[in-house]
Structure formats: structure tokens, C-alpha cells
Amino acid sequence: MNRCPRARETRRHEGPHIAKLKLEQTATALPFLFNGGHDAIARRRKNLEPIKLGHSTMLETARLSPGTNPTYLVPLPPNFLESLHQIRSDEIVIPAGVQFVAEGSQGKHVYLMRSGLGLRANLLQDGRRQVVSFLFPGDIVGLQALLIGQYHHSAEARSDVVASVIDHKHLRALWKDRFEAVVLSLQAMAYEEVRLTKAMIAIGQYSAEEAVASLLFTLYSRGQTHGMLRDNSMAFPFRQTDLADALGLSLVHTNKTIAKLRRAGHVELVDGRLTLHDPDSLARAYMLEVA
């Protein structure tokens, strides 16, 4: 395994035709929100138990609950989630592939991911994209707009997503009344900063093989936290282009690297499922941090 960061192939400029395609894909998603899409998904709210999200979801038990809270919710009082439920302005179902936060827009809501998977990203003017982070149940999307006036990233559902939509004024009121709400918000941002720091290290210092192994291991571990695993396998709606754009690699190099990890017996990424045959062995081979 080559551990020299400079030996890794970084993503080359993808050319105007790819840039145009990415811009067109983004343009098709945005009207969903700006032309009544928010209301459309809100109308599907009525009864969320059970939620029928269709074949594309493949999320099994990836739902926010007292038993599968993200780490930053664990120290908080048991009734805190109930407080969030009480102040939500709506609970919406966002179909897979729909962008529900637009970069640069001035939003009025914070989204609490309750089930499903998604991602945050930034799009350059020529169509190139940087995936900033991957979204799991319990993640809070949109605190930026609450604190500094606008969203500085987009957010997109990769599977069908159920999210609590919290109006800024309601969250501010909760902050005023309950100090643990402030703690939650700060901890959510702190954990996100930790993940961004690790992602920066992977982009700047890891070889491509190390970076892909680390990202897959991290996503697998987060899936394990939310009870998504079945026989060391989890539903994985993310695309290889998402992985490539997260790590600054070309799609071709990402594909070859995943194939190399597969030949080594570490990883299978087939038919929308991620399998790690021996997570501990993968962690040892690539010196990965085990949570």
C-alpha cells in the first residue's frame, strides 16, 4: 500500500460537458422547493408510522430514537427530543434525489434528520462539486442560516428522508428557555467540525486507498450506530461520484480503489449495499480510528 500522499491521483477538471450536466441536474432539483415542493412534501406528513418510503429507501432501522441517538444527544435529558418534537413546525418526507437546502439561500428553518441519508455539498460555478459531509439521522441541517443569515452549502436526500422542520423563531425560543438546547446545538456543530477535520486530513494527507477505506469505514460505523447493519452489511444509497467528490478524486480512480479494496477482501459495494467483511481488520490495515 502506497502511503505517500503525493502518489494519489487527485481529481482532474472534468470538462465543460460534465460541468453542464451537473448544473442541469441541480437545476432540476431546485424548482421542487421554490415552486411549491416544500408544501408538497409537507402534505405527505399525516401518518408517519409506519412510513412507506418505497423500494429506493432501503434504510431498515435508520431512524432517530432514544436507542439510536447520535453521540451528541446521549448526555442530554431524556425529554429533550420530546421538546424538539413539540416545537417543530412540520414533519416532511423528502424524496430521494431532492435538494431541500439551496446553497446561498436565506432559509427560515432548521432540519432535524429523523430517518434516511443525505449529503451536504458545495457547487463551483463550472459545475464541479465538493461533498462536505454525509447526513444521518440526528444530524441538524441549517444552523448556518440561523446564525449567519444564509445557507453556505446545499443539502440533498440520497434516500427518502423524514425531517422535522423547525422554524428559526421556535428554536431561538427553545434556546432561551432551555440551556440544554444550546448544548445540543453547540455539540452538533462541534461533532460536525470533528468530521470536517478528519475529512480534511483524508484529502490532504492520505493516499487514495487510505482515503476511500477511511470514508467507507466511517460511513459503515455511523450506520452501525443507527442499527442499519445486517450481517456486516448496510443499505448504501450514496453513489461513487459522491465518494469521489468528497475525497477530491476522479470517479475512475475512486472506482479502481474500491475494486482494489474488494480484491483484498475488505469491502463489497454492490447493488446499493456496503459490506465490510472484517471491519476490525480493515481498521488495522489502514490505521483507522475505531469509535
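List of remarks:
- Condition met for residue 253 (in contact (Cβ under 8 Å) with a residue 24 or more places away in the chain and more than 23 Å from residue 161 (Cβ to Cβ)): yes
The rows are residues; the columns are (1) buried (at least 17 other Cβ atoms within 10 Å of the Cβ); (2) more than 25 Å from residue 98 (Cα to Cα).
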site: 184; (1), (2): yes, yes
site: 196; (1), (2): no, no
site: 217; (1), (2): yes, yes
site: 252; (1), (2): no, yes
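- Test: residue 227 is crowded, with 17+ Cβ neighbours inside 10 Å and not in a helix (DSSP H, G or I): no
- Among the residues of this structure, residue 120 counts as one that is of a type in the set (D, E, K, R) and under 12 Å from the mean Cα position of the chain (by Cα).
- Condition broken by residue 239, with the remaining ones in (1) surrounded by fewer than 20 Cβ atoms within 10 Å (Cβ to Cβ); (2) over 13 Å from the mean Cα position of the chain (by Cα) satisfied: (2)
- Close pairs from the range 219-248: first over 17 Å from residue 277 (Cα atoms), partner open to solvent by less than 20 Å² (accessible area, probe 1.4 Å) and hydroxyl-bearing (Ser, Thr, Tyr), Cβ under 6 Å, at least 6 apart: 237/159; 240/254; 243/254; 244/254
- Residues that are under 20 Å from residue 185 (Cβ atoms) and crowded, with 19+ Cβ neighbours inside 10 Å, drawn from the range 108-133: 109, 110, 111, 112, 113, 114, 118, 120, 132
- Those strands (runs of 3 or more DSSP E) lying entirely in the range 81-199 with at least 1 residues basic (Lys, Arg), at pLDDT 90 or above and touching a Lys or Arg at 6+ places or on another chain (Cβ under 8 Å): 129-135
- If only residues of the range 246-291 that are acidic (Asp, Glu) and part of a loop (DSSP other than H, G, I, E, B) are counted, the one that is farthest from residue 134 (Cα to Cα) is 278.
- Within the range 104-138, the set of residues being closer than 30 Å to residue 250 by Cα and among the hydrophobic types (A, V, I, L, M, F, W, C) comprises 113, 117, 119, 121, 123, 124, 131, 132, 134, 135, 136.
- Selection of the range 137-182 for residues being open to solvent by 40 Å² or more (accessible area, probe 1.4 Å) and touching a residue at least 40 places away in the same chain (Cβ under 8 Å) yields 150, 152, 170, 173, 178, 180.
- Looking across 98, 132, one residue alone is over 19 Å from residue 244 (Cα atoms) and in contact (Cβ under 8 Å) with a residue 60 or more places away in the chain. It is 98.
- Options 261, 274, 282: the member that is under 20 Å from residue 195 (Cβ atoms), modelled with pLDDT of 95 or more and in contact with a strand residue (DSSP E or B) (Cβ under 9 Å, 6 or more places away or on another chain): 274
The values are calculated or read from the model by the stated rules, or taken from the named source; none is laboratory data. All values reported here derive from a predicted model rather than from experimental measurement. Glycine also receives a Cβ, built like all others from the backbone with ideal geometry; neighbour counts cover every protein chain displayed. Surface accessibility is based on the protein's heavy atoms, side chains included, excluding ligands, DNA and RNA. Shrake-Rupley method; radii C 1.70, N 1.55, O 1.52, S 1.80 Å.
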